[in-house]
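Novice: My questions all concern the structure below.
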Amino acid sequence: MGQVHLEKQGGVAVLTVDNVEVKNGLTPEMGMQLSELCDEVDRDPAIGAAVVRGKDGMFCSGADRRRWTAGSDQAEDKTYKELGAVYEAFRRVGVLQVPTIAAVRGAAVGAGLNLALATDLRVVSESARLLAGFLRIGLHPGGGYFTISSRTAGREATAAMGLFSEQIDGVRAAEIGLAWKAVPDEQVEDLAMELAGRAAQDPELAREAARSFRTEAGPPGIGWEAALHFERATQMWSQRRRETA
């Protein structure tokens, strides 16, 4: 049902989402595993940066919807906690002590876009597809999407993608500030590793700089953790009223 791998390369932690059968869709178990691996990264003082990527050229297609049941009670204890494990994984990536980069190839959709937005910086393929996609499938956004998107892409792009289901490619993502740079597909991970390697040269300084950056840069408004819970009830309602998984 998928897993997340951790490799350590010269002071850079590489977190790889691996569930290729469903284009690297996230399961609750993968969410818990990702959080645990983030703990491992934070415990290792030799790590000075982290890169998040997907296996086989696909970043993440969102949640693994094979686990969804149409009309199910989203407040039921097990269901509520399982989805919470995926959301906590985004937040855990977002508070890693080291600077973080998402290397986005293929597509980042729904929960996959949230995962990319959880990082400090995004390097994307020119041909990548970025799509919030929640409303397209009759679902209210979750994971604090509006907060973590607006802090990066701004209000206009967040509205276009979150309210009006606009899809953009990597070139457009870089134009609107959703990504640092769009490059040919085969260059994405190399560039992400090059950038991460710069921070990793001095892990202690990198951790202090990341802490200062996030404290000073925000996001403003309500905090991400509050936004996660703020969106949750309405998303539960939208999930329950869906006719298909």
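The values are calculated or read from the model by the stated rules, or taken from the named source; none is laboratory data. No experiment lies behind these values; they were computed from the predicted model shown. So basically every Cβ, Gly included, is an ideal-geometry build from the backbone, and we count neighbours across all protein chains shown. We work out accessible area using only protein heavy atoms, side chains counted, and drop any ligands, DNA or RNA first. Shrake-Rupley method; radii C 1.70, N 1.55, O 1.52, S 1.80 Å.
Novice: Just name the residue that is farthest from MET236 (Cα to Cα) out of those in the range 135-163 that are among the hydrophobic types (A, V, I, L, M, F, W, C) and open to solvent by 20 Å² or more (accessible area, probe 1.4 Å).
Specialist: My answer is ALA160.
Novice: If you take the residues in the range 202-220 that are more than 20 Å from the chain's Cα centre (by Cα) and over 12 Å from VAL98 (Cβ atoms), which one is most open to solvent (accessible area, probe 1.4 Å)?
Specialist: By that ranking, first place goes to GLU216.
Novice: Within the range 161-206, which residues are among the charged types (D, E, K, R) and either touching a Pro at 6+ places or on another chain (Cβ under 8 Å) or under 27 Å from ARG129 (Cβ atoms) (or both)?
Specialist: Scanning the range 161-206 gives GLU166, ASP169, ARG172, GLU175, LYS181, ASP185, GLU186, GLU189, ASP190, GLU194, GLU204.
Novice: Just to be sure, is GLU175 without any contact (Cβ under 8 Å) to a residue 24 or more places away in the chain, open to solvent by 30 Å² or more (accessible area, probe 1.4 Å), among the charged types (D, E, K, R) and touching a strand residue (DSSP E or B) at 6+ places or on another chain (Cβ under 9 Å)?
Specialist: Judged against the criteria, GLU175 is a match.
Novice: Just one of (1) under 18 Å from the mean Cα position of the chain (by Cα); (2) open to solvent by 50 Å² or more (accessible area, probe 1.4 Å); (3) of a type in the set (Val, Ile, Thr) trips up VAL188, so point out which.
Specialist: (2)
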